[in-house]
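Input: a single structure, listed below in structure tokens.
The values are calculated or read from the model by the stated rules, or taken from the named source; none is laboratory data. The structure presented is a predicted model; accordingly, all values stated were derived computationally and were not measured. Reconstructed Cβ throughout: ideal geometry from the backbone, glycine too, with neighbour counts over all protein chains shown. These area figures cover heavy atoms from the full protein model, side chains too; ligands, DNA and RNA do not enter into them. Shrake-Rupley method; radii C 1.70, N 1.55, O 1.52, S 1.80 Å.
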Amino acid sequence: MNSRFTPFAVSLTAAAIFASCARTPAPAPAAAPAPTRPVTPAPQTPTDTAGGGGGGRGGGAAGGPTTPAAPRAYNRVITPGAITRRGMFSTHRVGDRLYFEIPNKELNKDQLIVGRYAAAAAADPNLPGVGGANYGGDQFTDATLRWDREGNRVVLRSPSFAIVADTSTSVYNAVRASNYAPIIGVFNVETYGPDSAAVVDVTRLFTTQIPELAAIRGTIDATRSFVERAVAFPDNVEIEATQTGTLPAAAGAAAAAGPRPATSVLAHWSLVRLPEIPMMPRRFDERVGFFNIRNVDFGTDEQRSAQRRYITKYRLECSDRREGNLCYPKKPIVYYVDPATPANMKPWIKKAIESWQPAFEEAGFKEGIVAREAPAGDKDWSPEDIRNTVIRWLPSTTENAVGPHVSDPRTGEILNGSVRMFHNVQNLARDWYFTQVSALDPRVRTFPIPDSLIGRLMEFVVAHEIGHTIGLQHDQIGSSTYPADSLRSKTWTAKMGHSPSIMDYSRFNYVAQPEDGIALKDLIPRIGPYDKYAIMWGYKPIPNARTPDAERTTLEQWSRMQDNTPWFRFSASNDFGGFGTQSEAVGDADPVKSTGLGFKNIERTMGYVVGASTHAGEDNSDLKELYDRTVGQWATEASHVATLVGGGTVQYKSGSQPGAVYVAITKPRQAEAVAFINDKVFKTPMYLIKPDIAARIEPSGMITRINNAQTRVLTALLNDGRMNRLLEGEALATNKNSVYTLSGLLDDLRRGVWSEIYAGQSIDAFRRELQSDYLTQIERKLEPPAAAAAAGGGGRGGGAGGAAPTPLSDDAKSQLRGSLVTLLSDLKKASGKGDRATQLHVLGAIKRVQDILDPKK
């Protein structure tokens, strides 16, 4: 899971960032005290690899492995003073060295290693560019592993599962040859255990610059890096080591701070055996929003290579214990509450975890997900241990939370899904709640707000992030599938909420009005109908299906439920201009109506800003923050209206499903949207302008504040992709009069932005600034700055997330020039009218338009 901050983000990698809070490094077990001094590595010998692949006697020279020395006697390597833990591998700490004793049965097995910080130093605000702004639980690496023995060497490789084929097919040999796994390290066998298990020195994997595993991206100093702890369990091995090094040289302004000082981190690696009996994966369907893994299968009979995508999900299997129609899982999904969580937040986090239980009941599981406290007194329990899924609380000023997960790259089985809560997400949620519903909830009109309210807001945040950890993407289309009028109904919101999915970026119900009497608890999102449907679709067992393909008939039937229930539909981003998948939107089935209602609440909210954010003895920084965020909320709501122009609805469909996937918005609705923007957005919103607030927070800046908010909407309207779609819609229409055209948009926009010159009125300073920005926007479209031109034009083109920008067509540029020609004529007619400031502004605009049309003059 962000150019503008998009809180509640999620990573899409199979092994993603883990939740953790910065903490004092966990003490080693009593039997294995941590070193009290930096460890000096053993000197390199001619048998060391260039990459430090193995400690002790090394694993080969820089030019390639040499013949390894004969293994020594076991008791000469694993001496009586060794600290040993038995598990998947036996781990031995002998002085400064760490040895793995690898049983033959663990060779050539698929494993996963995930590296996360157990403790790290956040960025120092007094030293720009110094420190990595890392926190406990941040991920720094993940890799697949496979150990194999070749004579008296152990080779560690990182296999890929990107291309596959059934082992019974002839093409399998070609696929295998194309999957030659890169080598991470080569280790001499130091000795053999009693059962012929190879013993290798792996110290350097964790204390030197092994790119695949390093916790520091600069240069690691081995003299200041050492293993702290190693604990073995039946299915995993947990290692902690201090790494010290220097980051790459700073660039730009940060270079002025001088050479970067050393950075030390306590790194934690979880080495886990992937399930020996892989979970049967479930095929991905774009109609239901799960994260997914993918590979290319060359062993099918499709007469081509076939891309296969499988959803990421936990393995839930029914036990014999039942309650009615529900079964208790053999192994429920367990979430631990971080012991470092503020005490007043712990009950709300538990509620967030268990709020997902009804969704798993839809899939047939009783208590499919449960909340637990971290076990007290268990010295081997660690929040970094990959077996433990933890809601981590991080002492960070970052206003965010994330919910990534780690999955088996072969099947998509989720192995761990930890939520990371940055402390200041409380501030963000509080401000959001204020700007959106303070007109409805008096509790938020005075800061600090009650613990019961901030706790409920954190429950919402945690529940959203848990959704990501159990496999769900953002469902941004959800809020557009409810009728906008229903969001003002007490009975509807009590039963359905104001959005069908907590995975939508639909925060708080700003459409509701004070007179509607909506219950305060129903202003906040909760697990909704889509969430229950999606968990059912992804997790419900399908009896007698023994292969992923055998499930597809049933899955197709479940997907078709969307035909009759719109709020079961999914889309993370709408290829058709973004309409219906707007971030931070409420009631976006009808953005014009919903934004108009939202503006009424914002006008009310402006009266509460001062009272909520000013306190005796405090400065005015909170006042400025809350004022700016309220204006920002206004701009966000205004921007939703722009998505109607050149936009359309989307319902993903399979090949046998009738009907269009993309349907354009009608001409009257698009024209209505532009009229609303001209009247309610581009006309100066005087209720946002508060001279009394400005006098306390700044010497100047009000024009810029309002202009920036309006320009967000102007930029959205003149998006390159939007203008191109309007041209294409006109080209494909059988009835040209039935479509809203680019020329129609440009005419409506020109008349709205420059309305004063047609009415013979004076133009105030706010409008003059907007009109100047209008000319700047068009100028940049016709003559893009060098950087924008190299990037492929202005804007992202309205494509789906991450899509390449759509260059503005030459036809669109011609229409923009034509619109300026018309404006030039109209400006000349208006010259000399209005007050002196207006006259000068019009003369300046005439000169600017002439220069844009003929830049060589």
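Does the stretch 520-541 contain at least one residue that is surrounded by fewer than 23 Cβ atoms within 10 Å (Cβ to Cβ), touching a His at 6+ places or on another chain (Cβ under 8 Å) and either under 20 Å from THR312 (Cα atoms) or of a type outside the set (A, V, I, L, M) (or both)? Yes, that holds for at least one residue.
Got at least one residue in the stretch 674-686 being aliphatic (A, V, I, L, M), surrounded by fewer than 21 Cβ atoms within 10 Å (Cβ to Cβ) and under 23 Å from VAL609 (Cβ atoms)? Working first, answer last.
Within the stretch 674-686, the subset aliphatic (A, V, I, L, M) is 674-675, 677, 681, 686.
If we keep only those that are surrounded by fewer than 21 Cβ atoms within 10 Å (Cβ to Cβ) too, we end up with 675, 686.
Restricting the remaining residues to those that are under 23 Å from VAL609 (Cβ atoms) gives 686.
Yes: one or more hits.
Taking first residues from the stretch 267-289 that are open to solvent by 10 Å² or more (accessible area, probe 1.4 Å) and part of a loop (DSSP other than H, G, I, E, B) and partners that are of a type in the set (Lys, Arg) and at pLDDT 95 or above, the Cβ contacts under 6 Å between residues at least 6 apart in sequence or on separate chains come to MET279/ARG315. Scanning the stretch 512-549 for residues that are closer than 24 Å to GLN436 by Cα and in a loop (DSSP other than H, G, I, E, B) gives ALA512, GLN513, GLY517, ILE518, ALA519, ILE524, PRO525, ARG526, ILE527, GLY528. Taking residues in the stretch 534-558 that are closer than 21 Å to PHE360 by Cα, and partners anywhere that are of a type in the set (S, T, N, Q) and in a helix (DSSP H, G or I), the pairs with Cβ atoms closer than 8 Å and at least 6 places apart or on different chains are TRP537/SER559; ILE542/THR554; ALA545/THR554. Does ASN388 qualify as being farther than 28 Å from LYS624 by Cα and either of a type outside the set (Gly, Ala, Ser) or surrounded by fewer than 21 Cβ atoms within 10 Å (Cβ to Cβ) (or both)? The answer is yes for ASN388.
Restricting the first member to the stretch 60-77 and to residues that are exposed (fewer than 11 other Cβ atoms within 10 Å of the Cβ) and part of a loop (DSSP other than H, G, I, E, B), and the second to residues that are at pLDDT 55 or above and among the β-branched types (Val, Ile, Thr), the beta-carbon pairs closer than 7 Å and six or more apart or on different chains are ALA73/THR191.
Could you check, for the stretch 658-666, whether at least one of its residues is surrounded by fewer than 14 Cβ atoms within 10 Å (Cβ to Cβ), in a loop (DSSP other than H, G, I, E, B) and of a type in the set (Val, Ile, Thr)? Yes, the conditions are met somewhere in the stretch 658-666. If I filter the stretch 780-828 down to residues being at positive phi and either in contact with a helix residue (DSSP H, G or I) (Cβ under 6 Å, 6 or more places away or on another chain) or modelled with pLDDT of 95 or more (or both), which single residue comes out as most open to solvent (accessible area, probe 1.4 Å)? Ranking the candidates gives GLY795 first. Taking the criterion of being modelled with pLDDT under 95, of a type in the set (A, V, I, L, M, F, W, C) and open to solvent by less than 70 Å² (accessible area, probe 1.4 Å), the residues of the stretch 292-330 that qualify are ILE293, VAL296, ALA306. Whenever a residue of the stretch 667-690 is more than 13 Å from ALA638 (Cβ to Cβ), its partners that are of a type in the set (S, T, N, Q) and surrounded by fewer than 16 Cβ atoms within 10 Å (Cβ to Cβ), lying with C-beta atoms within less than 7 angstrom and at least six residues away or across chains, give the pairs LYS667/SER738. Just to be sure I understand the filter: pairs with C-beta atoms under 6 Å, separated by 6 or more residues or on different chains, first member in the stretch 722-750 and within 20 Å of ASP679 (Cα to Cα), second member of a type in the set (Lys, Arg). Which pairs pass? Every condition considered, the pairs that remain are TYR740/LYS667. The residue that is farthest from ALA716 (Cα to Cα), among those in the stretch 739-756 that are among the hydroxyl-bearing types (Ser, Thr, Tyr) and open to solvent by 30 Å² or more (accessible area, probe 1.4 Å), is SER755.
In the list VAL154, VAL231, VAL189, VAL164, which residue meets the criterion of being out of contact with any helix residue (DSSP H, G or I) (no Cβ under 8 Å at 6 or more places or on another chain), modelled with pLDDT under 95 and hydrophobic (A, V, I, L, M, F, W, C)?
Values: VAL154 fails: modelled with pLDDT under 95; VAL189 fails: modelled with pLDDT under 95; VAL164 fails: out of contact with any helix residue (DSSP H, G or I) (no Cβ under 8 Å at 6 or more places or on another chain).
After ruling out the rest, the residue left standing is VAL231.
Note on the stretch 370-398: residues that are not charged (D, E, K, R) and not in a strand (DSSP E or B) total 13. Within the stretch 509-558, the set of residues being at pLDDT 95 or above, more than 23 Å from ASP590 (Cα to Cα) and acidic (Asp, Glu) comprises GLU551, GLU556. Considering every residue within the stretch 33-44, establish whether at least one is over 16 Å from ALA232 (Cα atoms), modelled with pLDDT of 95 or more and crowded, with 18+ Cβ neighbours inside 10 Å. For the stretch 33-44, residues over 16 Å from ALA232 (Cα atoms), modelled with pLDDT of 95 or more and crowded, with 18+ Cβ neighbours inside 10 Å: absent.
The sole residue among ALA616, ALA589, ALA550, ALA585 that is small (Gly, Ala, Ser), within 26 Å of the chain's Cα centre (by Cα) and open to solvent by 20 Å² or more (accessible area, probe 1.4 Å) is ALA589.
So which residues in the stretch 331-341 are in contact with a Phe, Trp or Tyr (Cβ under 7 Å, 6 or more places away or on another chain) and either farther than 12 Å from ASN388 by Cα or modelled with pLDDT under 95 (or both)? Selection gives ASP338, ALA340, THR341.
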